[in-house]
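Below is one structure, written out as structure tokens; comments come after it.
The values are calculated or read from the model by the stated rules, or taken from the named source; none is laboratory data. Because the structure is a prediction, the values reported are computed rather than measured. Cβ coordinates were reconstructed from backbone atoms using ideal geometry, including for glycine residues, and neighbour counts include every protein chain displayed. Only protein heavy atoms, including side chains, enter the accessible area calculation; ligands, DNA and RNA are left aside. Shrake-Rupley method; radii C 1.70, N 1.55, O 1.52, S 1.80 Å.
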Amino acid sequence: MKATAALATALPEGQAPRSPRWRPALRQTLIILAPFALFAIFLLANGVNPLLLYRAMFVSTFGDLYGFGEVLIKATPFVLTGLAAALPARAGMINVGGEGQLAIGALVSTGFAVFLLGGLPSWLGIPLMLLAGAVGGALWAGVVALLKVKGNLNETITSLLLNYVAAFTVGLFVHGLLKDPESFNWPFSPEINWTLRLPIIDGTRLHVGFVIAIVLALAVWYVLGRTRLGFRIRVLGGNRLAAERAGMNVSRMQLWVLIAAGALAGIAGMIEIAGIEGRLRPSTGVNYGYLGFLAAWMAWNKPLRLLLTAFVLGMISVAGNSLEIGSGLPSSSVHILMALVLFFLLGSGAGRKVKT
Amino acid sequence: MNDSERDNSTAGREGTAASAAPCLLETRGLTKRFGALVASRAIDLQVRAGEIHAILGENGAGKSTLMKMLYGVYVPDEGELRMDGELAVLHPPAKARARGIGMVFQDFRLVPAMTVLDNIALSSSEGGWRMRRKALHRRILDVSAKYGLSVDPEAEVWQLDLGQRQRLEIVKVLLAHGTRIIIFDEPTSVLVPQEVVAFLEMLRRLRADGYGILLITHKIDEVMACADRATVLRSGAVTYAATREEGGLERESLIRAMMGDKELRAVVKARRGPGTEGVAAVIEAGAEASDVANGGEAPGRTRADHGSAALSPIGKTMLAVKGGLIRGNHGEVVLRELELELPRGAITGVAGISGNGQRELAETLFGLRELAGGTLTVGGRRLRGGVRAFMDAGVSFVSEDPLKESVIPGFSILEHMVLDGLAPQPKGTGIDWKAARTELDASEAAAALALASAERRADTLSGGNVQRMVLTRALLRRPDILIISYPSRGLDIGTTRTIQQQLVALAEQGTAVLLFSEDLGELFKLSDRLVVLAGQRLLGPYAPEDTDVRQIGERMLKGESA
Amino acid sequence: MIADILTGALRSGTSVMLASQGELISERAGVINLGTEGSMLGGALGGFAVTVWTGNPWLGTLAGGLCGLLMSLIHAFLVITCGANQLATGLTLMFFGMGVTAFFGRGFVSEQIVGFNPVPIPLLADIPLLGQVLFNHDPLTYLSILLVPLLWLLLFRTRLGVIVRAAGEREEVLLAAGINPQLVRYAAVLAGGFLAGVGGVQLAVAFTHSWVENMVQGRGVVAVALVIFASWKPLRAMLGAYLFGAAQALQLTVQQSGLPISPFFLFMLPYLLTLAALYLVELRQRSRMPEALGRVFTGTSGG
């Protein structure tokens, strides 16, 4: 769709390319299937029957409520970190910092939960913890934003570098200030109070964080598509020069868009703590930021489509767990599948325009 | 190949008969079509060693198509190309170069971030991947000295002015291996008068050294000054060919061949009072003839409509710059001691060779670029701050390159209008698109400019329709001040006229318009006052009635009034 | 102690330095490759594996370089031929590298190799302080130091270098000179991938003598950042890389000395230093980015 749009610009007006209707559909299907075929070769090379594996993936997702819930749990942070990439992308920026923003969000929310919010009732404590996570992520993204606006530094590079700093910051705290005194030297934080844990749907591990993610995706969709603010963000993403010439304060918009993105990723961090882990570990949410970025890319940075791609990535991730358990493949091989999917999408020009 | 010939300052060549010189390149029946359009029609042409061959023609006469066939960019559809009497294939350009054809482009093929030496090394295929810097350095200086092209090998190209860049391009061509024919594409359009004199002198030296020279131009004076042979093109075909020897290089016949019978129609100008003649009249006449052909009416306005002969202040000053200093992207001074006033209800036309600060001036007057010195007042109040402040003060801007600077990919015309133009239409947190649509449909400006359907995606529009869109937008805002750059660049005559009429109407409603244009005819036709950008200064204003194209042209070239 | 840090700066900075020199070539030709991280990982594993199999670290170096080159070939194809977005493609390549090397590297995690070891240069190594800092290194480090002036000569004093730089500035000028800019870019990206691969080899085969999953740990990203910090100049990129190496060496030294500083502070230090350096350079002067690369960042054309 985007590809034809890009083509159309090059053509003289009134000459939209006409081709049989089924051709693009076939092309898209091939683009989606090809990486799985390639990945099958990897699997075969490792003595794993790809068909069995793909079937297991499918079954473990749709086979029962528990499996489905697991996929949704995995998809939840991808939606949020995906939004953290999609929103700036729509404003013409590439934020790869979801990873670090999530980590700091998790860190700050855990810190608040452990030291301040433990005694509060759920209805007050959980929102405050969520806020703490959002603020944490926003602050981390704020560094990127300031470097961009004041120092003219490219946000892609700085947000990537800060991801490593964020990981070490988490390490610093779970080995130090935030270390559980009863952990026998294991690096993790004390468990947060049960009043701060997100409510869970019976029979699964699915928590209300999933609902929060959907609501936020809808909110971003609404803001981008239906409001004056969103209109201006899309103008900025479409053509920065035009935005300047329409009298927009481009720097300020970039600053706030990045900060909002950081808050979204920070919330993902909080949900990981309050919904799943209950305590902060160095491994909390590792790679979720990157996977969210990829989900956003696959969804062409559209919030509603992102729900779908996050779900697909969630499926692959859960399958990744079963890969490790079932066939002795390392879970990192999921990265290969993910990268293959993206290579085909990128090469086909699906995501050629970051912004629209 | 060399010496022997003493050049005179006069144009003619003494001594040897040109036709005796060996013929380097010959075309027979060369034809190129683009769809239904025949861009070149059965062109016969000869380029001889030691001869300057001028190709004359108006814009769109087919000069550049012909050149591109000779330089191997296009493959001719019919006809043959011969070099040294043998059939030759020149496509792609690498082959043309290998056969000794060099081209000095109008828009240079240079890398601004690299040095002169690097740029020359890039194009010279000698030495493979290595580079003999010292040897190359010396050769550059040698060639420069020989032909009076002062070029510093170690200078970085972005620091050079247009004239220097052109000299670099020439050195590049001369240093390329085996160059025998040099094609110059409108070479003097970027030069100031002293440089033109030096340039023609250099051409004569090249001729003396036996190069075959093709000079593409529309300036008859240059042809008269140096050419040995001239071929005139009109509508893709040769309308005139003659040599100096035969006495065929004569001003009147060349003009007639360029213009056809259009010249006879240069009547409208009569109303304009004395002084306007030459190029402007010719351009006017050309436009006139096409207008009639397109079924249009007579042009909307001439000076006489205003009834004021001299430079009379039409209204109070809307925008003024005093002692302004404007810097370019590298911090260099672009304009100094800038004094400019835009009166209400008047069109102030800005003439100047491109690259003399037009872009920087326009951007400064819209808040996109900060004034580095002096004051800028709008409506008597000093204005600082960004675009928003200028917009709030009633300034509108139509930029030089709307496709790049105004069009947002994927957005419809209506969305572009809501962004800037139509008053904001809030509806809750969103935008009331229906109301915006109604307002746009009802607007006179959109109707007058025959704007395409509001749902059309702006990035699928043609250049003309994009121009209509941005102009509609500017008109919708009913600006007090309109800064508009090159409104008719690249547009067909019909669209151009519509846009020109809208500008005039806008001024009549009281807007102060600052019009940048590279078309002197357009400037004379529309402007109430003319200013000229040249040599870091803004000259004028002049009343169009008191001056003429030639005077303005000389100011463009020389800066201080001539 | 200072000698330790300086020695360590070279030893642990060399992998980043090699990668950044490679990235510099690629960026000079107008292609930014965040997949340098993936190329380094590929190089580290490939180099380590071949060294394990053959026992010959030089073969390992060659193999590692080729692994890095193959990785960057994916980037070159997608970006140059398919016109995909450079930043997104590079990032994807980074993941691909992480996944593929983790996948194939499992068997090598506990392997041990001899690899490259410091070879003191006779006489020179005996100079007090300087000898230890400069003349007691593994062969790859020596080679990498030689590489920098060579690269400078290549880029700024040969016609080939002019061609590469022109590809990163104005491709129409190259076209006018009858040179295919796409081909030039392919060559530059592949050369960059090769050097990044060798950087990975230095890390695995000369510096740590081991393979650990995801052992590059962002050095590829730092290499990309350093190129910007260095304003696309080889000598400055080398300095930047040694600065990064020094920060890492400092961490080891401090840990050994038992000072009460959390190691995590020290882990962060190289990245923070890189960021600070970037910021300071950018404040002082709007660095002249190759024009074509500028279009990547502002997205004003193509992809």
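What do you reckon, is B:GLY100 at positive phi and either outside the structural domain of B:LEU233 (by TED's automatic domain parsing) or open to solvent by 50 Å² or more (accessible area, probe 1.4 Å) (or both)? Walk me through it before giving the result.
Working: at positive phi: yes; either outside the structural domain of B:LEU233 (by TED's automatic domain parsing) or open to solvent by 50 Å² or more (accessible area, probe 1.4 Å) (or both): no.
Here the answer is no, as B:GLY100 does not meet what is asked.
Among the listed residues A:GLY63, A:GLY92, which satisfies the condition of being open to solvent by 10 Å² or more (accessible area, probe 1.4 Å) and at positive phi?
Numbers: A:GLY63 fails: at positive phi.
The unique qualifying residue is A:GLY92.
Quick one: count up the residues across region B:525-552 that are in contact with a Ser or Thr (Cβ under 6 Å, 6 or more places away or on another chain) and either of a type in the set (Gly, Ala, Ser) or within 23 Å of B:LEU471 (Cα to Cα) (or both).
1
Of everything in region C:173-186, what is open to solvent by 60 Å² or more (accessible area, probe 1.4 Å), within 12 Å of chain B (Cβ to nearest Cβ) and assigned to a helix (DSSP H, G or I)? Give them in sequence order. Walk me through how you get there before you give the answer.
Filtering region C:173-186 down to residues open to solvent by 60 Å² or more (accessible area, probe 1.4 Å) leaves C:175, C:180, C:182-183.
Now restrict to residues that are within 12 Å of chain B (Cβ to nearest Cβ): C:175, C:180.
C:LEU175 - this is the single residue of region C:173-186 that is open to solvent by 60 Å² or more (accessible area, probe 1.4 Å), within 12 Å of chain B (Cβ to nearest Cβ) and assigned to a helix (DSSP H, G or I).
Within region B:381-400, restricting attention to residues that are free of Cβ contacts under 8 Å to residues at least 60 places away in the same chain and more than 9 Å from chain A (Cβ to nearest Cβ), which residue is nearest to B:TRP433 (Cα to Cα)?
The selected residue is B:GLY385.
Any residue at all in region B:406-418 that's more than 10 Å from chain A (Cβ to nearest Cβ) and open to solvent by 30 Å² or more (accessible area, probe 1.4 Å)? It would help to see each step written out before you state the result.
As a first pass, look at region B:406-418 and keep what is more than 10 Å from chain A (Cβ to nearest Cβ): B:412-414, B:417.
Applying the additional criterion that residues be open to solvent by 30 Å² or more (accessible area, probe 1.4 Å) yields none.
No - not one qualifying residue is present in region B:406-418.
Which of the helices (runs of 4 or more DSSP H) contained wholly in region A:177-248 include at least 3 residues that are surrounded by 15 or more Cβ atoms within 10 Å (Cβ to Cβ), within 14 Å of another protein chain (Cβ to nearest Cβ) and touching a residue at least 40 places away in the same chain (Cβ under 8 Å)?
Numbers: elements: A:209-226, A:228-238, A:240-245.
Hits in region A:177-248: A:209-226, A:228-238.
Residues to consider are A:ASN249, A:ASN193, A:ASN185; find the one that is of a type outside the set (Ser, Thr, Tyr) and within 26 Å of C:MET268 (Cβ to Cβ).
Working: A:ASN249 fails: within 26 Å of C:MET268 (Cβ to Cβ); A:ASN193 fails: within 26 Å of C:MET268 (Cβ to Cβ).
Answer to the selection: A:ASN185.
Inside region C:219-268, can you point out the residues that are among the aromatic types (Phe, Trp, Tyr) and more than 14 Å from A:TYR164 (Cβ to Cβ)? Don't jump to the end; show me each part of the working.
Going through region C:219-268, the residues among the aromatic types (Phe, Trp, Tyr) turn out to be C:229, C:232, C:242, C:244, C:264-265, C:267.
Once the filter is applied, which keeps residues that are among the aromatic types (Phe, Trp, Tyr) and more than 14 Å from A:TYR164 (Cβ to Cβ), region C:219-268 yields C:PHE229, C:TRP232, C:TYR242.
Under the condition of being assigned to a loop (DSSP other than H, G, I, E, B) and under 23 Å from B:LEU376 (Cβ atoms), which residue from region B:395-405 is least open to solvent (accessible area, probe 1.4 Å)?
As a first pass, look at region B:395-405 and keep what is assigned to a loop (DSSP other than H, G, I, E, B): B:399-401.
With under 23 Å from B:LEU376 (Cβ atoms) added as a condition, the list becomes B:399-400.
Working: B:SER399: 3, B:GLU400: 49 Å².
Checking each candidate, the answer is B:SER399.
Residues that are surrounded by fewer than 20 Cβ atoms within 10 Å (Cβ to Cβ), of a type in the set (Val, Ile, Thr) and in contact (Cβ under 8 Å) with a residue 60 or more places away in the chain: does region B:484-495 have at least one?
Checking region B:484-495: at least one residue is surrounded by fewer than 20 Cβ atoms within 10 Å (Cβ to Cβ), of a type in the set (Val, Ile, Thr) and in contact (Cβ under 8 Å) with a residue 60 or more places away in the chain.
Could you list, in sequence order, the residues of region C:98-141 that are within 14 Å of another protein chain (Cβ to nearest Cβ) and either hydroxyl-bearing (Ser, Thr, Tyr) or open to solvent by 60 Å² or more (accessible area, probe 1.4 Å) (or both)?
In the first step, residues of region C:98-141 are kept if they are within 14 Å of another protein chain (Cβ to nearest Cβ); the result is C:98-109.
Within region C:98-141, C:THR101, C:PHE104, C:ARG106, C:VAL109 meet the criteria.
Counting only residues that are part of a helix (DSSP H, G or I), within 14 Å of chain A (Cβ to nearest Cβ) and open to solvent by 30 Å² or more (accessible area, probe 1.4 Å), how many does region C:249-263 have?
Filtering region C:249-263 down to residues part of a helix (DSSP H, G or I) leaves C:249-257, C:263.
Those left that are additionally within 14 Å of chain A (Cβ to nearest Cβ): C:251, C:255, C:263.
Next cut, open to solvent by 30 Å² or more (accessible area, probe 1.4 Å) only: C:255, C:263.
Looking only at that region, the number is 2.
Quick one: what pairs do we get from region A:126-145, first residue touching a residue at least 24 places away in the same chain (Cβ under 8 Å), second of a type in the set (Asp, Glu) and crowded, with 21+ Cβ neighbours inside 10 Å, C-beta under 8 Å, 6+ apart or different chains?
Listed by first residue and then by second, the contacts come to A:VAL144/A:GLU155; A:ALA145/A:GLU155.
Identify, from the list B:GLY100, B:GLY148, the residue that is more than 13 Å from every other protein chain (Cβ to nearest Cβ) and modelled with pLDDT of 85 or more. Before the answer, list the steps.
On the way: B:GLY148 fails: modelled with pLDDT of 85 or more.
Being more than 13 Å from every other protein chain (Cβ to nearest Cβ) and modelled with pLDDT of 85 or more holds for just one of B:GLY100, B:GLY148, which is B:GLY100.
Among residues belonging to region A:318-339 that are open to solvent by 10 Å² or more (accessible area, probe 1.4 Å) and modelled with pLDDT of 75 or more, point out the one that is nearest to the other protein chains (Cβ to nearest Cβ).
A:HIS335
Could you figure out which of (1) within 13 Å of another protein chain (Cβ to nearest Cβ); (2) open to solvent by less than 40 Å² (accessible area, probe 1.4 Å) isn't true of B:ARG109?
For B:ARG109, the exception is condition (2).
Taking helices (runs of 4 or more DSSP H) that fall entirely within region A:16-118, which contain at least 3 residues that are among the β-branched types (Val, Ile, Thr)?
Answer list for region A:16-118: A:22-45, A:65-90, A:98-115.
State whether the residues of region B:472-484 include one that is of a type in the set (D, E, K, R), at positive phi and out of contact with any Asp or Glu (no Cβ under 7 Å at 6 or more places or on another chain). Break it down stepwise before answering.
As a first pass, look at region B:472-484 and keep what is of a type in the set (D, E, K, R): B:473, B:477-478, B:480.
Remaining after also requiring at positive phi: B:478.
Adding the requirement that they be out of contact with any Asp or Glu (no Cβ under 7 Å at 6 or more places or on another chain) leaves B:478.
Among the residues of region B:472-484, at least one is of a type in the set (D, E, K, R), at positive phi and out of contact with any Asp or Glu (no Cβ under 7 Å at 6 or more places or on another chain), which makes the answer yes.
Being touching a Phe, Trp or Tyr at 6+ places or on another chain (Cβ under 9 Å) and surrounded by fewer than 22 Cβ atoms within 10 Å (Cβ to Cβ) is the filter here; which residues of region B:377-386 pass it?
Within region B:377-386, the subset touching a Phe, Trp or Tyr at 6+ places or on another chain (Cβ under 9 Å) is B:378, B:383.
Answer for region B:377-386, where residues must be touching a Phe, Trp or Tyr at 6+ places or on another chain (Cβ under 9 Å) and surrounded by fewer than 22 Cβ atoms within 10 Å (Cβ to Cβ): just B:LEU383.
Taking region B:173-227, which residues are of a type in the set (S, T, N, Q) and open to solvent by 10 Å² or more (accessible area, probe 1.4 Å)?
The first filter runs over region B:173-227 and keeps only residues of a type in the set (S, T, N, Q), leaving B:179, B:188-189, B:194, B:217.
If the condition is that a residue be of a type in the set (S, T, N, Q) and open to solvent by 10 Å² or more (accessible area, probe 1.4 Å), then B:THR179, B:SER189, B:GLN194 are the ones that fit.
Residues being at negative phi and buried (at least 21 other Cβ atoms within 10 Å of the Cβ): count how many of those fall in region A:260-292.
23
Which one of the conditions (1) within 14 Å of chain B (Cβ to nearest Cβ); (2) of a type outside the set (Gly, Ala, Ser); (3) open to solvent by less than 50 Å² (accessible area, probe 1.4 Å); (4) in a helix (DSSP H, G or I) does A:MET315 fail to meet, given that it meets all the rest?
(1)
Can you tell me which residue is modelled with the highest pLDDT among those in region C:53-97 that are outside any helix (DSSP H, G or I) and either closer than 23 Å to A:SER333 by Cβ or within 14 Å of chain A (Cβ to nearest Cβ) (or both)? Show your work before the answer.
Of the residues in region C:53-97, the ones outside any helix (DSSP H, G or I) are C:55-56, C:82-85.
Okay, now just the ones that are also either closer than 23 Å to A:SER333 by Cβ or within 14 Å of chain A (Cβ to nearest Cβ) (or both), so C:82-85.
Details: C:CYS82: 89, C:GLY83: 86, C:ALA84: 85, C:ASN85: 82.
The selected residue is C:CYS82.
Would you confirm whether or not region B:343-365 contains a residue that is in contact with a strand residue (DSSP E or B) (Cβ under 6 Å, 6 or more places away or on another chain), assigned to a loop (DSSP other than H, G, I, E, B), within 14 Å of another protein chain (Cβ to nearest Cβ) and buried (at least 22 other Cβ atoms within 10 Å of the Cβ)?
yes
Looking at region B:500-512 only, could you name the residues that are on the phi < 0 side of the Ramachandran plot and surrounded by fewer than 24 Cβ atoms within 10 Å (Cβ to Cβ)? Walk me through it before giving the result.
Let us first name the residues in region B:500-512 that are on the phi < 0 side of the Ramachandran plot, namely B:500-509, B:511-512.
If the condition is that a residue be on the phi < 0 side of the Ramachandran plot and surrounded by fewer than 24 Cβ atoms within 10 Å (Cβ to Cβ), then B:GLN500, B:GLN501, B:GLN502, B:VAL504, B:ALA505, B:LEU506, B:GLU508, B:GLN509 are the ones that fit.
Kindly check whether there is at least one residue in region A:113-126 that is closer than 30 Å to C:ALA230 by Cβ and buried (at least 24 other Cβ atoms within 10 Å of the Cβ).
No: region A:113-126 contains no residue that is closer than 30 Å to C:ALA230 by Cβ and buried (at least 24 other Cβ atoms within 10 Å of the Cβ).
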